[in-house]
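Some notes on the structure that comes next.
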Amino acid sequence: MDYIALNVPCTDEELAGILTAELADFPFESFETGDGVLKAYIPQERLADCKEQVDGLLARYGVGGRYISIETQNWNALWESNFPAVDVEGRLRIRAPFHEAAPAGETEVVVMPKMSFGTGHHATTWLMSRAVLDLGVAGRTGLDMGSGTGVLAIVAAKCGAAHVDAVDIDDWADENCRENVAANGVSERITPMLGDVRRIAGRSYDFILANINRNILVADMPAYAAALLPGGDLVMSGFLEQDVPAVTEAASKQGMTAVAAAERDGWMLVHVKKES
């Protein structure tokens with residue numbers, strides 16, 4: 001699958017956050033900011049359905065955007081030039097094969113992102129990874145929903161999770177996840193699954209990790225609640241501060257209570273627990 005990167009020059013952090021929240025209502029799958037540019041990634045085949053509305057949105061805020069094609073064959077080169085190794089508080093290093101290995105005593109996850117998202121450099125993946133380190137997943141079963149590269153499932157497995165299902169709707173992400181799971185030596189405890197939230201029907205989990213976006217999280221909340229065992233943990237990110245009430249309200253309606261929240265670079269993480 002080929003992607004389009006929408007590059008929007010934006011030096012105002014508040015405006016970048018607003019634009020990200022607005023663009024999240026369209027089929028953009030990931031966002032990043034840096035060097036005064038907001039980058040929003042969308043599958044090429046999905047852009048035609050919303051380009052006119054997106055252009056209108058940008059015009060309303062007085063900004064312009066440039067659409068850049070990212071073909072499968074040049075994705076690795078793009079990430080190799082822009083993706084630094086990521087350190088999570090000296091406890092976890094997420095790196096690509098071309099980076100130096102983590103120092104002794106630091107948990108390491110090696111991912112080659114290809115066309116998938118989830119390299120750890122983005123604030124939401126960093127927040128989710130740190131949450132997994134502190135969640136107490138050892139011996140528990142989990143779900144990484146919208147798994148992308150599989151990085152969160154791999155982190156959970158390396159923290160001792162008994163088994164993790166890694167679900168993503170994108171066939172390229174599913175393939176990439178399988179490669180990364182094998183490369184990290186955790187194939188026996190992670191099952192990549194191609195599909196959407198319907199794949200988890202009838203399954204049960206002690207914890208669920210969902211780094212997606214506000215709209216999908218809210219829409220899929222009943223499915224998460226049904227799959228989560230009593231007393232289980234649902235950790236979510238992929239949304240901004242103004243989206244927190246919508247996410248926590250949706251969780252509350254399904255019998256889950258917010259127990260923690262965290263912020264990084266304007267992005268939020270919310271941890272809820274299902275009633276015992």
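At a glance:
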read-out: Failed criterion for Gly146 (all others in (1) more than 21 Å from Arg264 (Cα to Cα); (2) open to solvent by 10 Å² or more (accessible area, probe 1.4 Å); (3) of a type in the set (Gly, Ala, Ser) hold); value: (1)
read-out: Of the criteria (1) within 20 Å of the chain's Cα centre (by Cα); (2) modelled with pLDDT of 85 or more; (3) crowded, with 18+ Cβ neighbours inside 10 Å, which one Ala102 fails; value: (1)
read-out: Test: residue in the stretch 151-172 that is more than 19 Å from Leu127 (Cα to Cα), assigned to a helix (DSSP H, G or I) and aliphatic (A, V, I, L, M); value: no
read-out: Test result for Ile212, open to solvent by less than 10 Å² (accessible area, probe 1.4 Å) and touching a Gly at 6+ places or on another chain (Cβ under 7 Å); value: no
read-out: The one condition in (1) within 21 Å of Glu29 (Cα to Cα); (2) among the charged types (D, E, K, R); (3) open to solvent by 60 Å² or more (accessible area, probe 1.4 Å) that Glu188 fails to fulfil; value: (1)
read-out: All positions within the stretch 5-30 that are touching a Gly at 6+ places or on another chain (Cβ under 6 Å), assigned to a helix (DSSP H, G or I) and β-branched (Val, Ile, Thr); value: none
read-out: Filter result for the condition that a residue is open to solvent by 40 Å² or more (accessible area, probe 1.4 Å), over 19 Å from Thr125 (Cβ atoms), at pLDDT below 90 and touching a Leu at 6+ places or on another chain (Cβ under 9 Å), over Glu22, Glu13; value: Glu22
read-out: Close pairs (6 angstrom Cβ cut-off, 6 or more residues apart or separate chains): within 18 Å of Tyr205 (Cβ to Cβ) and touching a residue at least 40 places away in the same chain (Cβ under 8 Å) in the stretch 126-137, in a helix (DSSP H, G or I) and open to solvent by less than 30 Å² (accessible area, probe 1.4 Å) anywhere; value: Met128/Leu152; Val132/Val155; Val132/Ala156; Val137/Ala156
read-out: Residues located in the stretch 221-242, provided they are under 23 Å from Phe28 (Cβ atoms) and surrounded by fewer than 20 Cβ atoms within 10 Å (Cβ to Cβ); value: Ala223, Leu240, Glu241, Gln242
read-out: Residue identified as in contact (Cβ under 8 Å) with a residue 40 or more places away in the chain, under 18 Å from the mean Cα position of the chain (by Cα) and over 24 Å from Leu269 (Cβ atoms) among Asp220, Asp171, Asp165; value: Asp171
read-out: Boolean, Ser204 is of a type in the set (S, T, N, Q), touching a residue at least 60 places away in the same chain (Cβ under 8 Å) and surrounded by 16 or more Cβ atoms within 10 Å (Cβ to Cβ); value: no
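The values are calculated or read from the model by the stated rules, or taken from the named source; none is laboratory data. Just so we're clear, the structure is a prediction, and the values are computed from it rather than from any experiment. Please note: Cβ atoms are built from the backbone with ideal geometry, for glycine as well, and neighbour counts cover all protein chains shown. Only protein heavy atoms, including side chains, enter the accessible area calculation; ligands, DNA and RNA are left aside. Shrake-Rupley method; radii C 1.70, N 1.55, O 1.52, S 1.80 Å.
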